[in-house]
Amino acid sequence: MNITEAKLKGIFKKSKGRKIAIIGDVMLDKYVYGTISRISPEAPVPVVDIDKTELRLGGAANVANNIKALEAEPVLIGVIGTDYDSKHYLDVMRSLGLSTVGIIKDSSRPTTAKTRVIAHSQHVLRVDSEVKDDITARTGKKILNFLSSNIKQFAAVILQDYNKGVLTKELIQDVISIAKKNNKPVYVDPKFHNFFEYKDVTVFKPNRKETADILAMKIDGEASVKEAGRKLIDKLNCEYLVLTRGEKGMMLFDKEKNKTVILNIPTKARRVADVSGAGDTVISTIAVMLAGGASIIEAVMLANQAAGIVCEEVGIIPIYKNALLDSYRSKK
């Protein structure tokens, strides 16, 4: 299927400003850059002299940033602490023009933060501050109350799971129920825990490794990918399954068409520099394209194109509307 620049512009025009809810684990990514010139006298470890520190959004917040870059309107619903990192996290959100109205503070857990120390272009150390326990019932109720109060505004709901405790079994079921009662599509980017709790959703997007681990099967050639896809649709009863395969692209399965593959596309990256964040780009692009009236096949093709673009850059970057448009102009 050929997607023209004019078609893509029409999709963007329709999706512009449409609200998309993202519920999941939000994180603060800290990058500490410096130099090493000596070993500590206190222990045989290098001393890093810090030159600069950068703060970025991670986890479900990166999905929100991608949706914003595609000019739809993300409404991020997540949980942070009341610690020092929570202030930094909210400051970064505001600096990117992201609404903080759906962010819930919980003093019983820290803000999930990942600090990466980089010296001489080498990743020296990573320090994680997080609690992976399930959120409290009280916090879960706040999330559901916010969703219920605003559900009619949303074009879709994304569930973005990183196994950090926000998407509990009960919350997953309740969110899907609220969305279905209001005829809102649900798109899921899962992780291993609670993988099979995401039943009856619109689009389910696991990657190859997650699928192989959860099904305890080896996935190497196309035949095994097709077998795995059909097994997942049987278990989850999702409308569409998008199985991402890294450098091999992705496969789209359709429940209504006897679980057959209706799209198999290779990666679009000309040179892969960094795959970090590509999964976030895929689910974000699918959601925005569908909100703009694209068919599921068009949405997945565009998501594949978007993932190829971001994989050509180093670091976690969002897919911008103009970058996607330019990639279609270059085809002329």
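Values quoted throughout were computed directly from the atomic coordinates according to the rules given, and no laboratory measurement underlies them. Being a predicted model, the structure only gives us computed values, none of them experimental. A quick note on method: Cβ atoms are made from the backbone with ideal geometry, for glycine too, and the neighbour counts reach across all protein chains shown.
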Notebook entry, point to check: Looking only at region 132-174, which residues are under 19 Å from Arg18 (Cβ atoms) and in contact with a Leu (Cβ under 9 Å, 6 or more places away or on another chain)?
Noted result: Phe154, Ala155, Ala156, Val157, Leu159, Gln160
Item checked: region 137-188, subset more than 20 Å from the chain's Cα centre (by Cα) and of a type in the set (Lys, Arg), residue farthest from Ala287 (Cα to Cα) -> Arg138
Note to self: It is to be established whether one or more residues within region 34-45 are crowded, with 18+ Cβ neighbours inside 10 Å, aliphatic (A, V, I, L, M) and touching a residue at least 40 places away in the same chain (Cβ under 8 Å).
What the structure shows: no
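Condition check ((1) of a type in the set (Gly, Ala, Ser); (2) within 30 Å of Asn182 (Cβ to Cβ); (3) touching a strand residue (DSSP E or B) at 6+ places or on another chain (Cβ under 9 Å)) across all residues:
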position: Ser40; (1), (2), (3): yes, no, yes
position: Leu57; (1), (2), (3): no, yes, yes
position: Thr82; (1), (2), (3): no, no, yes
position: Asp91; (1), (2), (3): no, no, yes
position: Gly102; (1), (2), (3): yes, yes, yes
position: Thr111; (1), (2), (3): no, no, yes
position: Val127; (1), (2), (3): no, no, yes
position: Val131; (1), (2), (3): no, no, no
Check: Here is a list of conditions, (1) surrounded by 15 or more Cβ atoms within 10 Å (Cβ to Cβ); (2) under 27 Å from Gly229 (Cα atoms), and Asn183 meets all of them except one; can you say which number that is?
Finding: (1)
Next item on the list: Would you please name the residue that is farthest from Asp161 (Cα to Cα), looking only at residues in region 60-86 that are polar (S, T, N, Q) and outside any loop (DSSP other than H, G, I, E, B)?
Entry: Ser86
Next item on the list: May I ask you to list the residues in region 181-208 that are in contact with a Pro (Cβ under 9 Å, 6 or more places away or on another chain), under 16 Å from Met289 (Cα atoms) and among the aromatic types (Phe, Trp, Tyr)?
Entry: Phe204
Check: Do we find that Phe204 is hydrophobic (A, V, I, L, M, F, W, C) and within 19 Å of Gly249 (Cα to Cα) in this structure?
Finding: yes
Next item on the list: Examine region 200-212 for a residue that is under 25 Å from Val26 (Cβ atoms), hydrophobic (A, V, I, L, M, F, W, C) and over 19 Å from the mean Cα position of the chain (by Cα), and state whether such a residue exists.
Entry: no
Next item on the list: Kindly list the number of the only condition in (1) surrounded by fewer than 12 Cβ atoms within 10 Å (Cβ to Cβ); (2) polar (S, T, N, Q); (3) in contact with a Pro (Cβ under 6 Å, 6 or more places away or on another chain) that fails for Ser129.
Entry: (1)
Checklist line | Pair list, Cβ under 6 Å, 6 or more apart: region 75-103 residue without any contact (Cβ under 8 Å) to a residue 40 or more places away in the chain, other residue surrounded by fewer than 20 Cβ atoms within 10 Å (Cβ to Cβ) and aliphatic (A, V, I, L, M) | finding: Thr100/Leu90
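Within region 138-156, can you find the residues that are part of a helix (DSSP H, G or I), of a type outside the set (Val, Ile, Thr) and in contact (Cβ under 8 Å) with a residue 12 or more places away in the chain? Step through it out loud before you land on a result.
First, the residues of region 138-156 that are part of a helix (DSSP H, G or I): 138-153.
Within this subset, residues satisfying the condition of being of a type outside the set (Val, Ile, Thr) are 138, 140-142, 144-150, 152-153.
Passing the criteria: Gly140, Lys142, Leu144, Phe146, Leu147, Ser148, Asn150, Lys152, Gln153.
Those residues that are of a type outside the set (Gly, Ala, Ser) and crowded, with 20+ Cβ neighbours inside 10 Å, I need them from region 74-84; list them, please.
The initial filter retains those residues of region 74-84 that are of a type outside the set (Gly, Ala, Ser), namely 74-77, 79-80, 82-84.
Result: Pro74, Val75, Leu76, Ile77, Val79, Ile80.
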Check: Can you spot a residue in region 48-59 that is assigned to a loop (DSSP other than H, G, I, E, B), within 20 Å of the chain's Cα centre (by Cα), surrounded by 21 or more Cβ atoms within 10 Å (Cβ to Cβ) and not β-branched (Val, Ile, Thr)?
Finding: no
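Can you pull out every residue in region 195-215 that is surrounded by fewer than 18 Cβ atoms within 10 Å (Cβ to Cβ) and within 13 Å of Lys235 (Cα to Cα)?
Looking only at region 195-215, we keep the residues that are surrounded by fewer than 18 Cβ atoms within 10 Å (Cβ to Cβ), and these are 196, 199-200, 209, 212-213, 215.
The answer is Phe196, Lys199, Asp200, Leu215.
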